[in-house]
Amino acid sequence: MANNVLPPAASEVCRSLTHRTNLVACEIGIFWLQNEAHTGINRLWHMSHQSNATAQLYNGDLGIRSRVNGYGGGAIAASSAGVFVVSEDQTLHFIRTSDGQCYTLTDDRAAYGGLTVDRKGNRVLAVREWKDIDSGVSTSQQALVAVTLTGELEILHCGEDFYSAPALSDDGRNIAWVSWQLPDMPWVRTRLWTADIGSDGRLNNCQVHYAPHEASIQQPVFMGQSLWVISDHEGWWQPWQVDYSQGGGGWSSAGETPQLDHANAPWQLGESHHCVLPGAHWARVCYRNGTGELWLSGSNHGCIRVAEAYSDFRSLCTAQGYLYAIAKSASHLDAVLRIDPVTGCVSVLAGGEKALPGYEISLPRNFGVSGLDGNAQCRQGFYYSPVSDTAKAPPLILIAHGGPTSAAYPVFNPQIQFWCHRGFAVAEVNYRGSTGFGRHFRLSLAGCWGEADVDDMSRAADSLVAAGMADKDKVFIQGRSSGGYTALMALSESDHYAAGASLYGVTDPLQLRQATHRFESGYLDWLLGDPDRHGQRWKDRTPRLRATAINTPVIFFQGGLDKVVVPEQTRDMVEAMRRNGQPPELHWFETEDHGFIQEKSQVRMLEALHTFYLKHSQDPVNPW
């Protein structure tokens with residue numbers, strides 16, 4: 001029950017969030033990563049399958065994080081013998097279960113991710129990324145590799161630009177993976193591969209299996225010897241069975257699957273939105289109006305939805321006849337769930353604590369945004385009202401999510417609650433290009449970045465103002481990374497925003513094209529078109545070149561170690577605005593990368609934003 005009169009301090013808010021990710025299961029228990037709020041470092045946690053077991057920190061000396069593609073994923077893999085992990089410095093380790101001894105397997109200045117245990121081969125499979133300097137130019141390369149317990153490394157497959165986490169058949173004789181080539185991103189076009197694993201551990205009979213139409217294929221999974229994937233060649237990321245036999249190639253649907261996305265954009269390796277249950281049944285996640293749902297198929301009751309109190313699910317896996325998942329909700333912290341696939345009974349094994357105890361939580365409300373044709377389908381968002389009642393329409397912070405091929409989800413975000421406890425409303429918008437609404441909607445941002453997203457943000461603000469849910473004179477817009485770009489473009493297009501904030505946002509796409517990491521090096525061309533053919537479009541949609549059109553106050557936040565949106569992006573934009581006589585605020589964080597993970601940095605950012613928004617409100621709603 002809420003009993004605090006004063007709003008939570010920025011330090012209390014930033015300390016309140018615990019991320020739990022990368023859940024894996026094996027014969028001896030489950031393992032997952034859990035962040036330390038004050039440092040942002042991920043630690044390995046473990047719980048055995050024994051009754052009355054409790055969650056325990058497992059080898060607390062290691063910070064764990066994959067940096068493959070800049071976003072990582074798949075940093076742990078477990079078996080009865082032990083756990084493979086990737087440490088912060090990208091070294092691959094093996095922690096033996098019997099005595100907790102930690103062995104270093106690699107020391108080659110490469111990054112590893114997408115780990116998968118090969119029990120038959122007594123080794124771990126991984127995506128390896130390294131710098132190739134033989135040509136005189138330092139460029140990143142990737143390969144699918146195997147690493148033994150003695151640290152012997154063997155390249156299984158190479159030649160593709162990017163690789164997904166591999167999947168193994170139950171008998172360990174077959175392998176499947178996904179690859180893609182520049183300039184594509186994995187949510188645009190990928191290729192499905194299979195191969196046989198010989199007695200020597202090497203791959204034989206490598207084959208590509210093309211979908212019936214152009215597709216983003218992801219998350220291959222074996223059910224016995226049957227291969228299943230999630231593919232969007234029919235317009236939605238849905239489950240498909242693939243005949244990978246010699247001369248095969250047939251694709252079969254999973255029956256009457258709803259026309260909904262059953263996965264989200266694979267920014268990270270090792271995502272798992274579907275998994276096989278005992279008895280050839282399935283657990284699958286789907287997204288409806290921006291909200292994740294978990295469904296069990298083939299149960300005694302047909303298809304049933306379970307864990308309805310939660311609104312997003314990740315890291316689905318099975319062991320000992322149970323389904324495990326990381327689940328998120330709007331009012332509680334990340335929870336590690338165990339679900340009985342027969343009864344649908346849900347148990348919280350770890351996490352799931354009430355968010356910000358002692359404070360009221362503002363819950364998300366789904367709202368639609370009409371387009372030019374009056375159609376509100378897909379253009380959607382989540383609105384959070386101030387926790388205190390007010391007779392007047394509240395000031396609104398309009399948030400453009402990052403990506404931009406990503407989405408806003410109705411899950412607990414302590415920073416949103418920070419604003420709701422200070423008299424602000426917050427709206428997160430799933431503009432065109434967001435995931436969770438089908439392939440056509442997701443790809444509709446191609447060539448239209450800085451236009452379609454900006455229009456949808458503006459229409460969202462207008463819609464909320466018209467409904468009395470926001471004060472038209474106190475609409476602020478902010479975004480992180482690509483969302484910062486959207487916010488800056490919106491400020492250059494319209495003067496009805498009171499102010500804006502760019503959190504390590506893109507300001508010069510053409511300059512960034514030459515400086516960003518390899519994973520996203522072709523992304524900007526997809527978002528804006530070939531710069532040689534569409535040079536004027538690039539200029540028109542460059543915030544730095546539109547600095548003279550921004551007549552509202554702006555605040556910038558930038559990490560000095562950012563390799564995704566390099567620091568020069570913010571420096572140059574700030575200088576351009578200063579030359580225009582509109583000096584913005586700049587807050588620099590020398591030790592932060594892309595996304596601020598240190599608690600002290602998050603606190604400083606929130607406090608600066610609060611001061612900034614109050615300063616540029618006509619009459620601050622309260623003195624907090």
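Note on Lys120: aspartates and glutamates with a C-alpha under 18 Å away, same-chain residues under 8 apart excluded, are Glu27, Glu152, Glu154, Asp170, Asp171, Asp196, Asp200. Taking the Cα atoms only, what angle lies between the long axis of helix 482-493 and the longest principal axis of the chain, rounded to 10 degrees? That helix lies at roughly 30 degrees to the long axis. In summary, the lysines within cross-link reach of Lys392, defined as a Cα separation below 28 angstrom excluding same-chain residues under 8 places away, comprise Lys472, Lys474, Lys615. For Leu156, the residues 5 or more places off, or on other chains, whose built amide H falls under 5 Å of its own are Leu144, Val145, Ala146. With one equal scatterer per alpha carbon and no solvent term, the Debye-computed log10 I(q)/I(0) for segment 410-540 at 0.09, 0.11, 0.20 1/Å reads -0.29, -0.44, -1.28. A simple count of charges around Leu545, restricted to other residues whose Cβ falls under 10 Å of its Cβ and scoring Lys, Arg +1 and Asp, Glu -1, yields +2. Distance from the Cα centroid of segment 73-139 to that of segment 198-232 is 23 Å (rounded to whole angstrom). Sequentially through segment 538-552, phi angles give Karplus couplings (6.51, -1.76, 1.60; θ = phi - 60°) of 4, 5, 5, 10, 10, x, 4, 7, 10, 4, 5, 8, 8, 10, 10 Hz, Gly and Pro residues having no value and appearing as x. Distance from the alpha carbon centroid of segment 527-549 to that of segment 303-373 works out to 41 angstrom. Could you please state how large a percent of the accessible area of segment 5-149 is carbon and sulfur, counting protein chains only and using a 1.4 Å probe? Answer for segment 5-149: carbon and sulfur cover 48 percent of the accessible area.
Between 0 and 90 degrees, the angle of helix 452-466 with respect to the longest Cα principal axis of the chain falls at about 60 degrees. Restriction of the GluC sites (Glu not before Pro) in segment 557-587 to DSSP coil positions whose beta-carbon has at most 13 other beta-carbons within 10 angstrom yields no sites.
Pairwise Cα distances in segment 524-592 exceed 16 Å in 55 percent of cases. In the chain, a dipole from Cβ-located charges (positive for Lys and Arg, negative for Asp and Glu) runs towards its positive end, and of Ile95, Phe424, Leu445 it is Phe424 whose Cα lies farthest in that direction.
Its Cα gyration tensor gives the chain an equivalent ellipsoid, and the semi-axes of that ellipsoid, as √(5λ) in whole Å with the largest first, are 39, 28, 25. Taking the square roots of five times each eigenvalue of the Cα gyration tensor of segment 465-572, the equivalent ellipsoid has semi-axes of 26, 16, 12 Å, listed largest first.
In the context of the full set of protein chains, segment 62-116 has a per residue accessible area of 35 Å² (1.4 Å probe).
Only one residue of Ala78, Phe313, Val475 has its Cα farthest out toward the positive end of the dipole of the chain, where Lys and Arg carry +1 and Asp and Glu -1 on Cβ, and that residue is Val475. Remark on segment 137-295: ratio of C-alpha radius of gyration to 2.2 N^0.38 Å is 1.06. An ellipsoid equivalent to segment 1-135, defined through the eigenvalues of its Cα gyration tensor, has semi-axes of 30, 22, 11 Å when rounded to whole angstrom and sorted largest first. Taking a ≥ b ≥ c as the square roots of the Cα gyration tensor eigenvalues, segment 152-196 comes out oblate, since a/c reaches at least 1.5 and a/b does not exceed b/c. Taking all protein chains into account, the per residue accessible area for segment 384-425 stands at 26 Å² (1.4 Å probe).
The values are calculated or read from the model by the stated rules, or taken from the named source; none is laboratory data. Values in this document were obtained by computation on a predicted structure and should not be read as measured data. Cβ sites come from the backbone with ideal geometry, for glycine too, and all protein chains shown count toward neighbours. Heads up: the accessible areas ignore ligands, DNA and RNA and are worked out on the full protein's heavy atoms, side chains in. Shrake-Rupley method; radii C 1.70, N 1.55, O 1.52, S 1.80 Å.
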